[in-house]
Amino acid sequence: MNKIEAITTSEYKKIDINLDIIYGYGSSPFGKTMIATTSKGICSLEFYDDSYEDIFSRLQTTWKGSKFIHDDKKAQELLDKIFIKKESFNLFVKGTIFQINVWKAILSIKSADTLTYSDVAQLVNKTKAVRAVASAIGSNHIGFLIPCHRVISKSGAMGGYRWGINRKKAILDYEKSRESLDQVQCAG
């Protein structure tokens with residue numbers, strides 16, 4: 001299970017963090033992927049289709065003042081550990097206390113399961129904050145590892161997904177097939 005280490009946006013502004021962020025581009029089962037990591041953990045995993053400039057710009061905006069070191073080889077090694085070896089990682093996030101609590105809550109959703117935005121609001125004890133929960137989920141910068149793809153609308157519709165609905169469906173199908181394969185291997 002992935003673990004979150006977090007810093008709030010206000011804490012980040014108050015202290016002088018000179019983070020070295022190693023980032024790079026590689027491939028995953030869900031297409032082109034950018035990943036970034038610090039000494040504290042993975043701080044970004046984003047999918048892209050055409051241009052990576054927007055996601056790199058988002059990384060720079062989120063982690064202002066950091067030193068960015070481009071290393072595609074290290075990026076692909078990390079992606080292989082995530083998607084092939086299924087390793088767990090420390091995740092380093094920056095956000096509001098509410099966002100951090102939402103991200104921690106969605107880490108508890110088991111692979112191949114889904115919850116609604118209302119369910120997640122209940123997990124963080126903010127039952128009337130469904131829209132705020134959706135906004136927090138939409139601001140997640142660590143795709144797949146913080147499994148925002150496992151949150152769907154109350155009607156059962158996929159809802160939004162920063163990296164595209166088709167990719168969200170593919171990730172959920174991937175998890176379901178992995179779960180089925182694991183069950184078959186355990187039974188055998």
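The values are calculated or read from the model by the stated rules, or taken from the named source; none is laboratory data. The structure displayed is predicted, hence computed values, not measured ones. Neighbour counts run over all protein chains shown; Cβ positions are idealised from the backbone, glycine included. To get the accessible areas, we keep the full protein, side chains included, count just its heavy atoms, and leave off ligands, DNA and RNA. Shrake-Rupley method; radii C 1.70, N 1.55, O 1.52, S 1.80 Å.
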Odd one out for K94 among (1) in a loop (DSSP other than H, G, I, E, B); (2) in contact with a helix residue (DSSP H, G or I) (Cβ under 7 Å, 6 or more places away or on another chain):
(1)
State which residue is least open to solvent (accessible area, probe 1.4 Å) when the search covers only the range 28-50 and only residues that are outside any strand (DSSP E or B) and within 24 Å of K94 (Cα to Cα).
K40
So which residues in the range 60-82 are surrounded by 19 or more Cβ atoms within 10 Å (Cβ to Cβ), out of contact with any Gly (no Cβ under 7 Å at 6 or more places or on another chain) and modelled with pLDDT of 95 or more, if there are any at all?
L78, I82
Which of (1) touching a Leu at 6+ places or on another chain (Cβ under 8 Å); (2) over 26 Å from L19 (Cα atoms) does K85 not meet, given it meets every other one?
(1)
Starting from the range 108-132, take each residue that is over 26 Å from A170 (Cβ atoms) and among the aliphatic types (A, V, I, L, M) and list its partners that are assigned to a loop (DSSP other than H, G, I, E, B) and open to solvent by less than 30 Å² (accessible area, probe 1.4 Å), counting only C-beta distances under 9 angstrom and pairs at least six apart or across chains.
A121/A129
Restricting to the range 95-132, name every residue that is modelled with pLDDT under 95 and of a type in the set (D, E).
D113
